[in-house]
Amino acid sequence: MKKTGAQIVVDALVQEGVKVVFGYPGGTVIPIFDVLYDTKEFTFILTRHEQGAAHAADGYARATGEVGVCIATSGPGAMNIMTGVATAYLDSIPMVAITGQVSSPLLGTDAFQEADIVGVSRSITKHNFLVKDIAELPTVMKQAFHIARTGRPGPVLVDVPIDIARTVLDDYEYPQSVSIRGYKPTVEGHPKQIEKVAAMIESSKRPLLFAGGGVIASGAYAELKELAEKTNMPVTLSFMGLGAFPGNHPLFIGMPGMHGGKCANRVFQECDLIVSVGARFDDRVTGFVARFAPNAKIVHLDVDPASVSKIVKVDVPVVGDARRILIALNKIVKPRAADKWNDSVQDWKGEKLFSYQPSADEIKPQSVIEKLYGVVGGNAIICTEVGQHQMWTAQYYKFDKPRTLVSSGGLGTMGFGLPAAMGVALSNPGCPVFNIAGDGSIQMNIQELATISINQIPVKLIILNNAYLGMVRQWQDLFYGKRYSSTCLRRGRDCPGCSEPSQCKKLYTPNFVDLAKAYGIEAFRADKPADVEKVLRGGIAVNGPAVMEFIVTQEENVYPMVPAGKSLDEILEG
């Protein structure tokens, strides 16, 4: 069968079962887009920026577990997806990014729109390819998908020079399987190591089960719940792990770390055993590593051997797929009855994991999150941007199911949420999808309002408008003497700290309601507590996308907070 390189790329997407592709055309990918013109097997979504395409592919992958796909042209187009690729890399999200490249003879000559995208992306991809021979392209495409979805998932980039896209391969056949020398991820945990874990749980007096995004990636939620209930271990989840264990379960003690709950942080410091499943002990969880969990032995179950003992010293490692390891562990671990340790943890947990001071006059941002959960009953997928609103979402929305939180964890990418929500909504038709944003973060990729409007993607956008880059302002408040340098978004200059709040509240830059309407999207605003539920229900009732803006307390801080470099018991309560 004869096919051009461009036809091979598109056929590979069909063969891999891709349903949606996101991207933006340009000179070196015109041959690929010419093939897309006649392609009916999947949907192509034209975003308004390449970064939006990468985040949308990322969101699609997070919501489904399948490989997300994006396409961009060479030079600036490829550079524009790099933030999205890095976001996926830090959070272990399967993605294949296809970039155009200048003609092979021009490589290295500083040709028009040339960039060494393989060099640029080397540290933020699981693997990358520059195709120099048309005969290699079918195998490269197969390998790209295989690498992206196996082992510890991650993004793979395929760079296709335009001459390769135009060249005809006479004997094209797409590979049905692939074997890569040196790449054989371990999936089965070692039986002896699993036996050690079971014995350590049995002998422990104060055990803790700590799970992360690896549980979601492997589909191990049922097995995690079985282990927790069989052993009565308290369960804490990293930010990326939220939803891997029901947020309303009696054994759940909340998220730990910098903006985690007092209970989870105290349990880390008091426990004698940590059973970690698919979590990488990042700095936002551990705080000051030398004083992290001083009394605990640590068991680490992870598919990535490079993550074991990378941050904290591990006593018993088990390398393999989380689900397969937990299946084996659940067969041999002995039941453990609830005891005094559980009673102590329940006392520390109290009636609520997090609390705030309500107001009769101003909308507290936390109240919007609580009200949203009450209105949808947890039956929605929640995307977020990055900032204070992200942490309030983690604290006050109870994620009862896996793949219901889609947010940038490792890289903390502002502008992630709106395009990611597009990918989520397209992957889950009929499921309510919300993007919770701040008035700063939403403007990073606000051009994607055009994409959701034109394609009628039913994303419900919630903007918590506090007139600040809230998280940076919070640090300026706590550690820099309230010197709000370049964080006020309304006054357009260095803010003295809301010395004129009545005047500030009258400024809307931009006016999000009018802006949404300019894109053809229905919009609502609430500026007093009594209107919160009415606006939420009004936006939800819209048949299609909607924007809901809430004018919230300007100088509200996210608490609890463990300052950077401090241990988990050095917590600010606010």
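The values are calculated or read from the model by the stated rules, or taken from the named source; none is laboratory data. Keep in mind that what you see is a predicted model, and the values were worked out from it rather than measured. All Cβ positions, glycine included, derive from the backbone under ideal geometry; neighbour counts span all protein chains shown. Surface areas here come from the heavy atoms of the whole protein model, side chains and all, with no ligands, DNA or RNA. Shrake-Rupley method; radii C 1.70, N 1.55, O 1.52, S 1.80 Å.
Give me the pairs, please: first residue somewhere in region 58-87 and closer than 11 Å to GLY23 by Cα and touching a residue at least 24 places away in the same chain (Cβ under 8 Å), second residue anywhere and open to solvent by less than 10 Å² (accessible area, probe 1.4 Å) and of a type in the set (Ser, Thr, Tyr), beta-carbon distance under 7 Å, and either six or more positions apart or on two chains.
So the pair list comes out as ALA72/THR99; ALA78/THR99.
Can you find a residue in region 162-181 that is of a type in the set (D, E, K, R) and closer than 18 Å to ILE98 by Cα?
Checked against the condition, which is being of a type in the set (D, E, K, R) and closer than 18 Å to ILE98 by Cα, region 162-181 yields at least one hit.
Filter region 138-193 down to the residues that are open to solvent by less than 10 Å² (accessible area, probe 1.4 Å) and part of a strand (DSSP E or B) and list them by number.
Answer for region 138-193, where residues must be open to solvent by less than 10 Å² (accessible area, probe 1.4 Å) and part of a strand (DSSP E or B): PRO155, VAL156, LEU157, VAL158, ASP159, VAL160, PRO161.
Restricting to region 439-453, name every residue that is under 13 Å from GLY470 (Cβ atoms) and in a helix (DSSP H, G or I).
SER441, ILE442
Among the residues of region 512-528, how many are under 20 Å from ILE452 (Cβ atoms) and in a loop (DSSP other than H, G, I, E, B)?
The total comes to 3.
Can you tell me which condition ILE274 does not meet? The list is (1) under 16 Å from LEU209 (Cβ atoms); (2) surrounded by fewer than 18 Cβ atoms within 10 Å (Cβ to Cβ), and all the others hold.
Answer for ILE274: the failing condition is (2).
So, of the residues in region 379-398 that are open to solvent by less than 10 Å² (accessible area, probe 1.4 Å) and either assigned to a loop (DSSP other than H, G, I, E, B) or of a type in the set (Asp, Glu) (or both), which turns out to be farthest from ALA437 (Cα to Cα)?
My answer is ALA380.
Out of SER407, SER367, SER344, SER355, which single residue is over 27 Å from the mean Cα position of the chain (by Cα) and of a type in the set (Ser, Thr, Tyr)?
Of SER407, SER367, SER344, SER355, the one residue that is over 27 Å from the mean Cα position of the chain (by Cα) and of a type in the set (Ser, Thr, Tyr) is SER344.
With respect to ARG403, is the statement that it is part of a loop (DSSP other than H, G, I, E, B), open to solvent by 10 Å² or more (accessible area, probe 1.4 Å) and not aliphatic (A, V, I, L, M) true?
In short, yes.
For region 292-314, enumerate the residues that are in contact with a helix residue (DSSP H, G or I) (Cβ under 8 Å, 6 or more places away or on another chain) and over 23 Å from GLY154 (Cβ atoms).
Answer for region 292-314, where residues must be in contact with a helix residue (DSSP H, G or I) (Cβ under 8 Å, 6 or more places away or on another chain) and over 23 Å from GLY154 (Cβ atoms): PHE292, ALA293, PRO294, ASN295, ALA296, LYS297, VAL299.
How do the pairs read when you match residues in region 167-194 that are farther than 30 Å from VAL29 by Cα with residues anywhere that are of a type outside the set (Ser, Thr, Tyr) and open to solvent by 100 Å² or more (accessible area, probe 1.4 Å), using Cβ under 7 Å and keeping only pairs 6 or more apart or on different chains?
VAL187/ARG324; GLU188/ARG324; GLY189/ARG324
Any residue in region 128-135 that is open to solvent by 30 Å² or more (accessible area, probe 1.4 Å), among the hydrophobic types (A, V, I, L, M, F, W, C), more than 30 Å from SER453 (Cα to Cα) and part of a strand (DSSP E or B)?
Yes - at least one qualifying residue is present in region 128-135.
What number of residues in region 529-567 are of a type in the set (Asp, Glu) and part of a helix (DSSP H, G or I)?
Number of matching residues: 2.
Identify, please: which residue in region 290-330 is under 24 Å from the mean Cα position of the chain (by Cα) and of a type in the set (S, T, N, Q) and is, among those, most open to solvent (accessible area, probe 1.4 Å)?
Within region 290-330, the match that is most open to solvent (accessible area, probe 1.4 Å) is SER309.
Which condition does VAL35 not pass, out of (1) open to solvent by 20 Å² or more (accessible area, probe 1.4 Å); (2) under 28 Å from ASN435 (Cα atoms), if it passes all the others?
Of (1) open to solvent by 20 Å² or more (accessible area, probe 1.4 Å); (2) under 28 Å from ASN435 (Cα atoms), only one is false for VAL35: (2).
Under 7 Å between Cβ atoms, at least 6 apart or on separate chains: pull out the pairs that start in region 386-401 with a residue that is farther than 24 Å from GLN443 by Cα and end on any residue that is surrounded by fewer than 23 Cβ atoms within 10 Å (Cβ to Cβ) and among the hydroxyl-bearing types (Ser, Thr, Tyr).
LYS398/TYR373
Of these, VAL562, VAL535, which one is touching a Phe, Trp or Tyr at 6+ places or on another chain (Cβ under 7 Å), crowded, with 16+ Cβ neighbours inside 10 Å, over 16 Å from ARG490 (Cβ atoms) and at pLDDT 95 or above?
VAL535
Pull out all pairs, ordered by first then second residue, where Cβ-Cβ is under 9 Å, the residues are six or more apart or on different chains, the first lies in region 138-158 and is in contact (Cβ under 8 Å) with a residue 40 or more places away in the chain, and the second is acidic (Asp, Glu) and open to solvent by 40 Å² or more (accessible area, probe 1.4 Å).
Taking only residues 6 or more apart or on different chains, the pairs are PRO138/GLU173; ARG149/GLU66.
Pairs, please: C-beta under 7 Å, at least 6 apart or cross-chain, first residue in contact (Cβ under 8 Å) with a residue 60 or more places away in the chain and under 29 Å from ALA421 (Cβ atoms) and in region 2-30, second open to solvent by 40 Å² or more (accessible area, probe 1.4 Å) and part of a helix (DSSP H, G or I)?
VAL20/LEU426
For a quick check of your reading of the model, give me the residue pairs whose first member lies in region 287-304 and is closer than 15 Å to LYS205 by Cβ, whose second is open to solvent by 20 Å² or more (accessible area, probe 1.4 Å) and part of a loop (DSSP other than H, G, I, E, B), with beta-carbon atoms closer than 6 Å and at least 6 apart or on different chains.
Correct list of pairs: ASN295/ASP272; ALA296/ASP272; LYS297/ASP315.
Do you know which residues across region 194-214 are part of a helix (DSSP H, G or I) and either open to solvent by 20 Å² or more (accessible area, probe 1.4 Å) or at pLDDT below 95 (or both)?
Answer for region 194-214, where residues must be part of a helix (DSSP H, G or I) and either open to solvent by 20 Å² or more (accessible area, probe 1.4 Å) or at pLDDT below 95 (or both): GLU195, LYS196, ALA199, MET200, GLU202, SER203, GLY213, GLY214.
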